Every structure is written in C-alpha cells, then in structure tokens.
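Q: I have a structure here, written as structure tokens, and I will follow up with some questions on it.
The values are calculated or read from the model by the stated rules, or taken from the named source; none is laboratory data. These figures come from a predicted structure and were not determined experimentally. Reconstructed Cβ throughout: ideal geometry from the backbone, glycine too, with neighbour counts over all protein chains shown.
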Amino acid sequence: RPAIERPSATRILVVANQKGGVGKTTSTVNMAAALAQLGQRVLVIDLDPQGNASTALSIEHHRGTPSSYDLLVEGEPLSAVLSPCPDIELLSVVPATIDLAGAEIELVSVVAREQRLQKALRADPRISDQPVSDAGEERFDYVFIDCPPSLGLLTLNALVAGREMMVPIQAEYYALEGLGQLLATVDMVKAHLNPELAISAFLITMYDGRTRLAASVAEEVREHFGPQVLRTNIPRSVRVSEAPSYSQTVMTYDPGSPGAMGYLEAAKELASKGPGTKGADT
Ligand code: ADP
Ligand code: MG
C-alpha cells in the first residue's frame with residue numbers, strides 16, 4: 001500500500017522557469033523521487049538538452065540512447081523511450097540527449113509543432129484520466145517535465161502537454177524578475193492551446209534561513225502568489241548539490257539531510273494540493 005493516496009487521474013506537472021539555475025532540475029528529480037518513495041508511480045521527462053535530470057537519476061543519455069528527442073521529433077511512442085530508474089523503485093525516466101539541442105530548430109517546420117509532446121503522452125494508456133481501478137496498476141500517478149531555461153518550442157510543448165505547473169523560485173535578489181514573461185506565456189498557452197493549464201505550485205528553493213534576504217524574498221513571493229506557494233521552503237544545502245555528481249538524488253544520497261526532508265515535505269504538500277484547487281489559477 002502506498003504511503004499516500006494515489007491521485008484520481010495522472011497529474012502532469014511542467015517544471016518551468018526560463019531563468020537558469022533556479023532549481024528546476026533539482027526540484028524535478030527530488031520531488032519525483034520523494035513521490036516514488038511515497039508509493040506513487042512517477043515518470044520524469046527530461047526536456048533539457050543538458051540532460052541533468054537524466055544524470056541525477058542515473059539514466060544513460062549519450063547520443064543514440066532512445067530519448068525525448070525521439071518522442072518529440074521522430075514520433076516514437078513513449079513506451080520506446082522510457083527506462084526504469086535503476087535506484088528508485090516506481091520511477092521511470094525519458095532521458096534527454098544532446099540531439100535535443102537541435103529540436104528547437106527542427107520542430108519549427110513540423111506540423112502542429114506545439115502539440116508533439118501532448119500527442120505522444122495522450123497515446124499512452126499509462127497516462128490517463130481514469131482512476132487506477134480502471135486504468136490499471138501501471139498507470140502513472142505523476143509525470144514531471146523538466147524544461148530548459150527558455151520559453152522556446154521545447155517548453156511550449158511541455159506547457160501544451162501538461163495540466164499543471166510547478167515553478168521553482170530561487171530565494172535571492174531578482175527572484176520575481178522574468179516571472180511576468182513566464183505568466184504571459186502561460187496565459188497565451190491557456191488562451192490558444194491548452195485551457196486546462198494551471199499553476200499548482202510555486203516552490204521556493206535554495207532558501208538560506210540565516211539571511212534576512214531569503215526571508216524577505218520568500219515573503220514577497222507569498223504576498224504575490226498567495227496559497228499557490230508551497231509552505232515548505234527547500235533549504236540551501238550542500239548535500240543537494242553534491243548528489244548529482246554521484247548520479248543520485250538527495251533522497252537516496254542523504255535521506256536524513258535537510259534538503260531531502262524539505263523535498264519530502266514539499267512532495268506531500270503537492271500531493272495534498274490536487275489540480276484545480278483554490279488559487280491554482282493564474
Ligand atoms: P535549473 O534546472 O533551474 O537550471 P538546477 O536544479 O540545475 O537549476 O540548480 C542550479 C544549481 O543549484 C545546481 O548546481 C544545483 O545543484 C544547485 N542547487 C539546487 N538546489 C539546491 C539546494 N537546495 N541547495 C544547494 N544547492 C542547490
Ligand atoms: Mg535544469
């Protein structure tokens with residue numbers, strides 16, 4: 001029996017913020033690992049050509065590995081490009097290879113270029129609006145899509161394919177800078193391509209409780225976005241940043257560390273905050 005209830009339908013979360021280094025990849029892999037530890041069936045789709053999420057989850061991603069490039073550009077089915085994470089039960093990964101760096105350009109001339117990922121995900125019976133009792137045990141509970149630091153066609157594909165967004169915000173100067181542009185993109189996607197899309201969570205990352213700055217940034221973000229901001233701040237912790245160099249998430253690398261406990265808490269919060277909850281609208 002899972003430690004927390006499985007959602008009534010697959011939740012597809014886009015982890016996006018066009019600013020680099022705010023904790024998108026770190027939050028993707030650790031939230032995913034935490035939810036898997038809580039008994040949820042989880043899929044991570046790496047949409048960043050850097051492949052950092054693939055590395056952290058210990059998934060091969062050299063050129064030629066079946067990957068998100070094949071899913072988006074070549075039209076391969078999801079089943080052909082995912083692999084189980086070797087270290088974390090219930091977690092599967094679609095890795096990103098460097099081929100994806102060209103996809104942004106290659107997709108420009110493709111028909112329905114913004115809908116490629118949506119189409120691929122909808123074709124797989126394990127991503128379903130049905131409860132597990134109807135869809136089957138194999139149904140995914142959570143799909144996390146780790147986006148690159150831009151608002152190009154890769155991120156756009158994720159925003160069209162997803163139902164929810166999780167937006168990591170680094171607790172530092174200029175934290176809110178650029179968010180206006182992100183929210184405008186979300187509104188555009190909602191108006192024209194995916195009316196369902198909603199922001200379920202802002203997540204404050206790299207929070208240093210000893211500094212006045214971090215506290216005031218967190219306060220400002222909460223004033224701005226209210227209940228959409230998860231109560232849990234992810235603390236800045238060196239164990240979090242070390243884990244990927246061992247091809248691990250902090251959840252397995254040092255489960256007792258403050259970073260791991262933060263992500264576990266945040267994951268429980270996200271699970272209790274279903275899609276369409278109050279304040280989930282932009
Ligand atoms: P993004 O995917 O948004 O570019 P990353 O997740 O790669 O950002 O994080 C940027 C850098 O910050 C990485 O080196 C990562 O290890 C580090 N980092 C992220 N979260 C934390 C944290 N809570 N504590 C310490 N370092 C962190
Ligand atoms: Mg990243």
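Q: Select from the range 51-63 the residues that are farther than 19 Å from MET166 by Cβ and part of a loop (DSSP other than H, G, I, E, B) and write down the one among them that is nearest to ligand 1 (Cβ to nearest atom).
A: Looking at the filtered set, the residue picked out is GLY51.
Q: For VAL132, state whether it is surrounded by fewer than 20 Cβ atoms within 10 Å (Cβ to Cβ), modelled with pLDDT of 95 or more and among the β-branched types (Val, Ile, Thr).
A: So VAL132 passes the test.
Q: I want to confirm something. Restricting to the range 165-177 and keeping residues that are buried (at least 16 other Cβ atoms within 10 Å of the Cβ) and more than 20 Å from LEU72 (Cβ to Cβ), which single residue is modelled with the lowest pLDDT?
A: Among those that are buried (at least 16 other Cβ atoms within 10 Å of the Cβ) and more than 20 Å from LEU72 (Cβ to Cβ), it is ALA175.
Q: Taking the criterion of being in contact with an Asp or Glu (Cβ under 8 Å, 6 or more places away or on another chain), part of a helix (DSSP H, G or I), more than 30 Å from LEU78 (Cβ to Cβ) and within 16 Å of ligand 1 (Cβ to nearest atom), would at least one residue in the range 144-156 satisfy it?
A: Taking every residue of the range 144-156 in turn, none turns out to be in contact with an Asp or Glu (Cβ under 8 Å, 6 or more places away or on another chain), part of a helix (DSSP H, G or I), more than 30 Å from LEU78 (Cβ to Cβ) and within 16 Å of ligand 1 (Cβ to nearest atom).
Q: Mind checking whether some residue in the range 134-143 is within 16 Å of ligand 1 (Cβ to nearest atom), closer than 17 Å to LEU197 by Cβ, aromatic (Phe, Trp, Tyr) and not in a loop (DSSP other than H, G, I, E, B)?
A: Looking through the range 134-143, none of the residues is within 16 Å of ligand 1 (Cβ to nearest atom), closer than 17 Å to LEU197 by Cβ, aromatic (Phe, Trp, Tyr) and not in a loop (DSSP other than H, G, I, E, B).
Q: If you don't mind, there's one more thing I want to ask. Which pairs do you get when a residue that is without any contact (Cβ under 8 Å) to a residue 24 or more places away in the chain, found in the range 157-183, comes within reach of a residue that is within 16 Å of ligand 2 (Cβ to nearest atom), reach meaning Cβ atoms under 9 angstrom, with the pair 6+ apart or on two chains?
A: TYR174/LYS19
Q: On to the next question. What residue, of GLU177, GLU269, is assigned to a helix (DSSP H, G or I) and more than 16 Å from ligand 2 (Cβ to nearest atom)?
A: Going through GLU177, GLU269 in turn, just one is assigned to a helix (DSSP H, G or I) and more than 16 Å from ligand 2 (Cβ to nearest atom): GLU269.
Q: Given (1) over 23 Å from ASN194 (Cα atoms); (2) surrounded by 23 or more Cβ atoms within 10 Å (Cβ to Cβ), identify the lone condition not met by VAL42.
A: Tallying (1) over 23 Å from ASN194 (Cα atoms); (2) surrounded by 23 or more Cβ atoms within 10 Å (Cβ to Cβ), VAL42 fails exactly one: (1).
Q: Can you tell me how many residues in the range 230-246 are closer than 17 Å to ALA267 by Cβ, part of a helix (DSSP H, G or I) and near ligand 1 (Cβ under 6 Å from one of its atoms)?
A: Of the residues in the range 230-246, 1 are closer than 17 Å to ALA267 by Cβ, part of a helix (DSSP H, G or I) and near ligand 1 (Cβ under 6 Å from one of its atoms).
Q: Collect the residues in the range 206-229 that are crowded, with 21+ Cβ neighbours inside 10 Å and part of a loop (DSSP other than H, G, I, E, B), keeping them in residue-number order.
A: MET206
Q: Can you pull out every residue in the range 39-76 that is within 13 Å of ligand 2 (Cβ to nearest atom) and of a type outside the set (A, V, I, L, M)?
A: ASP46, ASP48, PRO49, GLN50, GLY51, ASN52, SER54, THR55
Q: Name the residues in the range 135-153 that are buried (at least 18 other Cβ atoms within 10 Å of the Cβ) and under 25 Å from GLN37 (Cβ atoms), would you?
A: Within the range 135-153, ARG139, PHE140, ASP141, TYR142, VAL143, PHE144, ILE145, ASP146, CYS147 meet the criteria.
Q: In the range 201-215, which residue that is among the hydroxyl-bearing types (Ser, Thr, Tyr) and at pLDDT 95 or above is nearest to PHE144 (Cα to Cα)?
A: In this case the residue turns out to be THR205.
Q: I would also like to ask the following. Would it be correct to say that SER79 is among the polar types (S, T, N, Q), away from ligand 2 (no atom under 16 Å from the Cβ) and either outside any helix (DSSP H, G or I) or more than 27 Å from SER128 (Cβ to Cβ) (or both)? Don't jump to the end; show me each part of the working.
A: Numbers: among the polar types (S, T, N, Q): yes; away from ligand 2 (no atom under 16 Å from the Cβ): yes; either outside any helix (DSSP H, G or I) or more than 27 Å from SER128 (Cβ to Cβ) (or both): no.
No, not satisfied.
Q: Still on this structure, I have one more. Quick check on this structure: which one of SER241, SER237 is small (Gly, Ala, Ser), within 21 Å of ALA33 (Cα to Cα) and surrounded by fewer than 15 Cβ atoms within 10 Å (Cβ to Cβ)?
A: Of the residues listed, the single one that is small (Gly, Ala, Ser), within 21 Å of ALA33 (Cα to Cα) and surrounded by fewer than 15 Cβ atoms within 10 Å (Cβ to Cβ) is SER241.
Q: Being within 11 Å of ligand 1 (Cβ to nearest atom), modelled with pLDDT of 95 or more and among the aliphatic types (A, V, I, L, M) narrows it down to one of ALA16, ALA32, so name that one.
A: Values: ALA32 fails: within 11 Å of ligand 1 (Cβ to nearest atom).
None of the other options fit; the residue is ALA16.
Q: Which one of the conditions (1) within 20 Å of the chain's Cα centre (by Cα); (2) over 23 Å from GLY21 (Cα atoms); (3) in a helix (DSSP H, G or I) does PRO86 fail to meet, given that it meets all the rest?
A: The single condition PRO86 does not satisfy is (3).
Q: Looking only at residues that are within 13 Å of ligand 2 (Cβ to nearest atom) and among the aliphatic types (A, V, I, L, M) in the range 15-38, which one is surrounded by the most Cβ atoms within 10 Å (Cβ to Cβ)?
A: VAL29
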